[in-house]
Each structure stands twice: as C-alpha cells, then as structure tokens.
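Okay, so here's the structure we're looking at.
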Amino acid sequence: MRDHGDEISDYDLGGLADGAFTGGMETSAGMLALGSAVLLDHPETWKQLAAGEADVDAVVEELLRYLSVVQVAFPRFATKDVEVAGQQVRKGDVVLVHLPAVDRDPSFGACPHAFDPDREDKSHLAFGHGIHRCVGAELARMELRKAYPALARRFPDLALVRDTDDLDYFGSSIVYGVERLLVRPLG
C-alpha cells in the first residue's frame with residue numbers, strides 16, 4: 001500500500017476497510033464457533049492447544065480448509081469459451097465455485113473429509129485466490145491463531161453439550177455457521 005497508495009481512491013479504500021472489518025465479523029465468528037466445535041470433537045488437539053504443544057498455524061490452516069465457512073465464491077463471468085474438467089464454459093456464463101467441495105478435493109490426500117492438522121497439503125481456497133482473495137485473510141488468521149489457544153488455555157476441560165450433527169446451523173446464508181454453540185465443563 002505504501003508503494004501504491006496513490007493508485008487507490010478513498011472510496012475504494014473505505015470499501016476494503018468495510019470488507020475487512022464488518023464483512024469479516026460474521027466469517028470470523030463462524031470460524032471461532034465451528035472451529036471450537038471441531039476442536040472439542042478432537043480432544044487431543046484441544047489439550048495440545050491448551051498446553052502450548054500444538055502447531056497453531058497447522059491447526060488453523062486445517063480448520064480453514066475443513067470448514068470453509070464461506071460456502072460460495074462471488075460469481076464470476078467467463079470472458080472467453082473454455083473447457084474446465086471436461087465441462088464447456090461459454091463466454092458470458094456465470095461461474096460459481098463451491099469452496100467446501102474444492103477444499104475437500106481428494107488431492108489433499110487420504111480422507112479429505114476428515115479434520116487432520118498433520119495433513120501434508122495445507123493449501124485451501126477458504127479466502128479465495130488471486131486478485132479476488134479476501135482482503136482480511138491475514139487479519140482472520142491472526143485472530144484465529146490467538147483465539148483458539150486462548151480458549152483452550154482458559155477452558156481446558158470444555159465439552160460440547162450436543163453432538164456437532166445436532167447443532168443449529170444457519171439456515172440460509174453464504175457463511176457456514178451455527179446459531180449458538182452450547183458447551184459445558186467435562187465431568
């Protein structure tokens with residue numbers, strides 16, 4: 001930004017700030033709740049976070065891949081005819097990408113539908129890609145890298161009240177999340 005500050009208008013800068021701070025609130029809240037649910041379903045990882053023994057970066061990147069809280073990338077329009085995976089896309093066609101499907105591709109190795117912080121391939125499209133990549137991606141990563149270990153340290157004996165299959169998920173939203181996450185102390 002420092003080198004190219006004159007290339008962006010105040011209006012566009014305001015839009016970027018709005019996207020990072022207000023647009024990122026629902027996604028970060030969704031990631032914190034859903035990620036906590038996943039971690040509580042994996043008590044070894046939760047205990048490692050509480051003890052400061054987990055690779056927090058690996059845990060966060062795997063949660064981002066596994067959850068992909070933004071379900072559909074913004075629509076794109078094909079600028080020319082192209083074939084993608086045997087499917088013809090014509091110039092002007094609307095193209096939508098279902099991010100959870102991409103992030104569960106079998107190329108991620110064994111069991112792409114399972115949470116595995118030790119997974120070799122840490123890549124994902126949770127924040128999009130290229131010029132359309134989320135402007136708040138690094139802020140979100142920073143929040144998650146701080147929040148999960150802090151939660152685990154503060155509440156090392158936490159458990160879900162209900163199974164993750166029984167949670168109240170958002171009904172109609174492009175952001176994957178839960179209405180509430182009920183927890184209790186173990187024991």
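The values are calculated or read from the model by the stated rules, or taken from the named source; none is laboratory data. Please read these numbers as outputs of a predicted model, since none were measured by experiment. Please note: Cβ atoms are built from the backbone with ideal geometry, for glycine as well, and neighbour counts cover all protein chains shown. Note: areas computed on protein heavy atoms with side chains; ligands, DNA, RNA excluded. Shrake-Rupley method; radii C 1.70, N 1.55, O 1.52, S 1.80 Å.
Here the label points at R154 and Q88, each 7 Å from Cα along the C-beta direction, are separated by 5.7 nm in the simple model. Sorting R154, R90 by solvent-accessible area of protein heavy atoms yields R154, R90, largest first, with a 1.4 Å probe.
V95 contributes an accessible area of around 50 Å² to the protein surface, as traced by a 1.4 Å probe with all chains present.
How tilted is helix 23-40 with respect to the longest principal axis of the chain? Cα atoms for both, answer in degrees (0 to 90, nearest 10). With rounding to tens, the tilt is 40 degrees. Of the GluC sites (Glu not before Pro) found in region 104-145, those in coil by DSSP whose Cβ has at most 10 other Cβ atoms within 10 Å are E120.
Using a Gaussian network for the chain with springs between C-alpha atoms less than 10 Å apart, which of these wobbles most: H113, H98, H132? Of H113, H98, H132, the most mobile in the Gaussian network model is H132. Restricting the GluC sites (Glu not before Pro) of region 26-100 to loop positions (DSSP other than H, G, I, E, B) with no more than 14 neighbouring Cβ atoms within 10 Å leaves E53. When Rg and the Kirkwood radius Rh are both evaluated on Cα atoms of region 42-97, their ratio Rg/Rh stands at 1.32. Around the amide H of V70, modelled in the peptide plane, lie the amide H atoms of Y176, all under 5 Å away and 5 or more residues distant in sequence or on another chain. Counting only aspartates and glutamates at least 8 places from K91 when in the same chain, those with an alpha carbon closer than 15 Å to its own are D81, E83.
All C-alpha pair distances within region 95-180, sorted into 5 Å bins from zero, spread as 2, 10, 13, 18, 25, 20, 8, 2, 0 percent across the bins. Comparing the chain with the 2.2 N^0.38 Å rule of thumb, its C-alpha radius of gyration ratio is 1.15 (two decimals). Relative to the first principal axis of the alpha-carbon coordinates of the chain, what is the inclination of helix 137-154, with its axis defined by its Cα atoms, in degrees from 0 to 90 and to the nearest 10? For 137-154 against the chain, the angle is about 10 degrees.
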